Amino acid sequence: MAQAIGTTSAVPQATRSTKWRALLREMWKHRVDYLFISPFFIVFLVFGVYPTVWGLRLSLSRWPGGQKPMEWVGLNNYIGLLTSDPLLGKAFVNTMMLLGWILPTGLAFALIVAVMLNARRLRGRGIFRTIYFLPFVTSGVIVAIVFSQFLDKNYGWVNLLLGKVGIPPVPWLTEAIPAQISVTLLLHWMGSGTNILIFLGALQAIDRELYEAAEIDGANAVQSFFRITVPMLRPVLLFMIITATIGLINLYAQVKLLTNGGPQNNTYTMFMRMMDLIAGNRFGEGAALGFLMGAVILVITFVQLRLLRSWWTVEGNLKG
Amino acid sequence: MFERTQSMSRRRFLKAAAFGVTGALAACAAPAAAPPAQPAQPAAPAEAPAAADGELKGELIFWGHADHPIYDAGQAFMKKYPGVTFTQVEITDERTTKVEAALAAGEGAPDLNWLEANEVQLYGRRGVLLDVTDVVKQYEKDLVPAKLAEARVSGRYYGMPGDITPNTLWVRPDILEKAGVPMFEKDIKYEDFLIAAKTVKEKADSSLYVFGADGGGQSSLMFQCPFYALGGNISDESGEEILFDQGDAAVRAVEYAKMAWDAGAGLDAGWFSPPYWAAIKEGKLGGTYSPPWMRGFFETEVKTPETGQGKWKSVVLPIYAGGEKHRTNVWGGATLCSYTQTKVPDLVKRFMEFTFATMEGAQVTADWGIVPPYLPWLTTKLKDVKQTLFSDQTWTDTLNEALTLMREDYYRTPAYGLSGIAGGGPLYDKYFIPMMKGELDIEAGVKQWADDLRTENKKLLESLK
């Protein structure tokens with residue numbers, strides 16, 4: 001029996017070995033080509049693959065830092081985070097709330113402005129584009145500091161202006177809901193420029209003849225928007241929803257600088273929790289949270305893809 | 001990372017620090033059996049290292065924020081020993097990350113770093129700090145005991161004690177007078193202080209303490225100070241047992257803080273924010289609980305008599321019933337440390353010795369604005385410190401008095417950093433303001449806070465094994 005097994009497995013092994021040799025010969029033949037594309041792979045391996053694998057190992061270990069060895073603890077870091085972390089639940093809820101709030105409003109706002117800028121008769125479009133894009137090229141740190149001054153309850157310009165029209169001071173940064181609104185405003189102000197530009201590019205790629213044909217068929221502007229513009233923007237929309245989701249789940253710097261997670265942790269995000277764990281010498285748990293966040297992103301993206309695909313399919317069927 | 005040539009104001013640094021490194025204001029331990037805070041007869045002042053010292057050679061790299069007392073000490077050290085090069089690399093928020101990267105790499109950490117008390121305790125337990133027991137032992141009797149304890153982990157010293165930080169109350173008598181309130185007597189009760197604060201707020205539109213709506217930064221002193229005075233502790237000396245909810249110190253301290261909150265007389269401005277400095281310069285802040293190192297920052301901003309220069313006085317903190325013996329608090333105050341990977345351990349030790357165990361070094365750092373822990377200097381030269389903020393030198397008398405009120409059993413272990421009581425952090429945010437607002441019962445809040453701390457501390461200690 002053993003002999004039989006040996007005999008049968010020897011053939012594919014020999015075939016595999018021949019295939020490998022052929023592959024290596026082929027690679028050697030194109031060695032110069034491979035040499036030219038190798039920098040990307042080297043960089044990817046060193047800065048992409050290696051840290052990910054190292055991070056995964058860290059998330060399954062206990063490590064005091066420095067040059068001490070890691071001690072394997074299996075899933076303990078993950079279990080500890082999910083069962084007994086006093087702050088992760090709040091951080092998760094906050095992150096999801098900000099995502100649910102900022103994602104739709106941000107994309108809707110950017111789309112509306114992009115459609116307006118795309119109007120044929122609009123003059124000075126370049127100036128508007130520059131204005132909207134300006135926040136993106138401004139330092140996030142500076143923007144957050146300026147916002148924190150603008151929104152200060154007692155000394156900020158916003159409340160000063162509101163006071164002029166008889167509105168009492170709003171605790172923009174020191175009460176839960178106003179603080180979440182402040183974070184939303186900051187992110188919209190900083191992020192909409194890029195979103196508008198991407199939408200504008202996609203809008204300009206839509207064939208004008210589609211609109212003209214719709215017009216001849218009697219479609220009004222709203223019908224054209226929902227029947228032509230939105231469907232034609234699907235690929236861009238999908239891309240933007242997914243990248244914005246990733247960006248918002250990894251939200252850190254702006255919130256750190258504007259509210260530092262407050263008031264009472266109401267803007268404390270998952271990324272902030274991860275950073276606190278790492279800064280607090282709990283590297284294993286920090287790494288585990290990083291991978292948990294990656295899992296959350298995967299799940300949300302999967303749900304988004306399914307929902308958007310089913311929406312498009314239904315819409316396509318209705319149209320058909 | 002910036003070279004020293006790029007300037008960064010103290011205010012900008014603190015702004016960044018307040019956003020990012022609130023844990024940096026944490027601190028550490030002092031054994032119950034340590035000697036008294038201030039010996040009556042300190043040893044004779046030590047001279048700076050002499051003899052063959054003129055031949056000292058080598059390079060020292062220091063990481064710290066701009067406008068730093070250790071930078072000034074470095075300049076003085078180079079002047080004394082021309083063969084030594086001292087370079088400061090300006091690092092603020094990213095300091096911890098860069099240190100961690102260097103520690104993992106096995107090289108690249110600075111020769112000198114300015115670590116907060118809980119950081120010394122944390123890194124000391126990790127075994128990555130240079131053991132400087134041989135140097136510190138020589139000067140043990142000449143250094144403030146409570147500060148010595150902050151540099152000590154399991155009986156070994158992992159840094160040279162840096163600035164001492166007994167908190168006192170700073171007041172502007174001219175603003176009190178405007179409100180018809182007499183200058184505080186030496187032993188004012190906390191309740192009377194709050195009544196005065198309310199009067200000053202009403203009549204002179206000025207606050208006698210800081211209490212921002214976020215409860216962060218200096219606002220936390222309204223809790224920290226009574227907690228310290230009443231004998232509270234976050235953990236035991238080993239850092240393993242959480243004592244936060246043992247006894248009634250935490251509950252009573254929160255109640256005292258709530259009294260200040262409810263009085264509504266505090267300055268509601270973010271610590272070190274432009275409105276905060278504007279309030280100081282416009283006389284909207286007529287008093288504040290404060291550690292000595294704040295003087296350096298105040299003097300950078302308060303540069304004219306119109307903005308309050310020379311108008312401040314300092315008195316010992318108000319009395320919390322039952323906490324008369326320790327009417328102060330320690331907040332911030334760092335330790336000069338190095339790492340095991342330094343290539344110039346002997347030079348590092350000489351620099352530490354020069355900076356905080358000689359009259360010359362102590363004077364240089366004191367001229368910057370901190371208070372060095374060197375007793376021969378404290379007892380003879382503190383009174384001569386050049387300053388522009390206070391109307392007379394009575395603030396040094398107050399400081400000397402506060403030194404005698406310091407506790408030797410207040411432990412600033414890593415758990416202290418986790419608690420956030422030093423000025424903010426997620427656990428502090430979770431419980432403190434809800435208790436102030438009355439949304440959370442104080443006893444229940446303190447208990448939950450302590451329970452969370454136990455969970456977090458257990459995980460932290462496990463991670464260090």
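Just name the residue that is farthest from the chain's Cα centre (by Cα) out of those in the stretch B:148-165 that are hydroxyl-bearing (Ser, Thr, Tyr) and modelled with pLDDT under 95. Result: B:154. Hey, can you tell me all the residues within the stretch A:236-246 that are open to solvent by less than 40 Å² (accessible area, probe 1.4 Å) and either within 14 Å of chain B (Cβ to nearest Cβ) or not hydrophobic (A, V, I, L, M, F, W, C) (or both)? Across the stretch A:236-246, the qualifying residue is only A:245. The residues in the stretch B:349-387 that are at pLDDT below 90, more than 17 Å from the chain's Cα centre (by Cα) and assigned to a loop (DSSP other than H, G, I, E, B) can be counted, and the count is 3.
Taking (1) over 26 Å from residue B:451 (Cα atoms); (2) open to solvent by less than 10 Å² (accessible area, probe 1.4 Å); (3) assigned to a loop (DSSP other than H, G, I, E, B); (4) not aliphatic (A, V, I, L, M) in turn, residue B:193 satisfies each apart from (3).
All of B:394, B:380 fail the test of being more than 12 Å from chain A (Cβ to nearest Cβ), touching a strand residue (DSSP E or B) at 6+ places or on another chain (Cβ under 7 Å), open to solvent by 20 Å² or more (accessible area, probe 1.4 Å) and of a type outside the set (Lys, Arg), apart from B:394. Does any residue of the stretch B:353-363 turn out to be outside the structural domain of residue B:56 (by TED's automatic domain parsing), touching a helix residue (DSSP H, G or I) at 6+ places or on another chain (Cβ under 7 Å), among the hydrophobic types (A, V, I, L, M, F, W, C) and surrounded by fewer than 24 Cβ atoms within 10 Å (Cβ to Cβ)? No, every residue in the stretch B:353-363 fails to be outside the structural domain of residue B:56 (by TED's automatic domain parsing), touching a helix residue (DSSP H, G or I) at 6+ places or on another chain (Cβ under 7 Å), among the hydrophobic types (A, V, I, L, M, F, W, C) and surrounded by fewer than 24 Cβ atoms within 10 Å (Cβ to Cβ). Among the residues of the stretch B:134-147, those that are at pLDDT 90 or above and of a type in the set (A, V, I, L, M, F, W, C) comprise B:135, B:136, B:143, B:144.
Considering each residue of the stretch B:173-185, count those that are in contact (Cβ under 8 Å) with a residue 12 or more places away in the chain and in contact with a helix residue (DSSP H, G or I) (Cβ under 9 Å, 6 or more places away or on another chain), and give that number. Number of matching residues: 8.
Scanning the stretch A:151-182 for residues that are open to solvent by 60 Å² or more (accessible area, probe 1.4 Å) and within 11 Å of another protein chain (Cβ to nearest Cβ) yields A:153, A:154, A:155, A:169, A:175. Can you find a residue in the stretch B:288-307 that is within 14 Å of chain A (Cβ to nearest Cβ), touching a residue at least 60 places away in the same chain (Cβ under 8 Å) and open to solvent by less than 10 Å² (accessible area, probe 1.4 Å)? Within the stretch B:288-307, not a single residue is within 14 Å of chain A (Cβ to nearest Cβ), touching a residue at least 60 places away in the same chain (Cβ under 8 Å) and open to solvent by less than 10 Å² (accessible area, probe 1.4 Å). Here residue A:69 clears all of (1) of a type outside the set (A, V, I, L, M); (2) away from every other protein chain (no Cβ under 14 Å); (3) exposed (fewer than 10 other Cβ atoms within 10 Å of the Cβ) except the condition numbered (2). When the stretch B:428-465 is filtered for residues that are at the interface with chain A (Cβ under 7 Å from one of its Cβ atoms) and among the hydroxyl-bearing types (Ser, Thr, Tyr), the ones remaining, listed by number, are B:455, B:463. Mind checking which residues of the stretch B:418-427 are within 9 Å of chain A (Cβ to nearest Cβ) and closer than 18 Å to residue B:228 by Cα? Selection gives B:418, B:424.
Look through the stretch B:330-340, keep the residues that are assigned to a loop (DSSP other than H, G, I, E, B) and at pLDDT 95 or above, and return whichever of them is farthest from residue B:275 (Cα to Cα). Top of the filtered list is B:340. Annotation: of all residues in the stretch B:166-190 being surrounded by 23 or more Cβ atoms within 10 Å (Cβ to Cβ) and in a loop (DSSP other than H, G, I, E, B), the one that is nearest to the chain's Cα centre (by Cα) is B:167. The residues on offer are A:293, A:272, and the sole one that is at pLDDT 95 or above and in contact with a Lys or Arg (Cβ under 9 Å, 6 or more places away or on another chain) is A:272.
Rundown of residues vs (1) more than 7 Å from chain B (Cβ to nearest Cβ); (2) open to solvent by 20 Å² or more (accessible area, probe 1.4 Å), yes/no style:
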residue	(1), (2)
A:258	yes, no
A:271	yes, yes
A:274	yes, yes
A:284	no, no
A:288	yes, no
A:292	yes, yes
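Here is a check on your reading of the model: is residue A:139 of a type in the set (S, T, N, Q), in contact (Cβ under 8 Å) with a residue 24 or more places away in the chain and more than 30 Å from residue B:434 (Cβ to Cβ)? No. One residue alone among B:269, B:253 is within 18 Å of residue B:329 (Cα to Cα), under 21 Å from the mean Cα position of the chain (by Cα) and among the aliphatic types (A, V, I, L, M), and that residue is B:253.
The values are calculated or read from the model by the stated rules, or taken from the named source; none is laboratory data. Predicted model only: the values in this text are computed from it and were never measured. Here Cβ is always computed from backbone atoms with ideal geometry, including for glycine, and neighbour counts include all displayed protein chains. Side chains included, ligands, DNA and RNA excluded: accessible areas come from the protein's heavy atoms. Shrake-Rupley method; radii C 1.70, N 1.55, O 1.52, S 1.80 Å.
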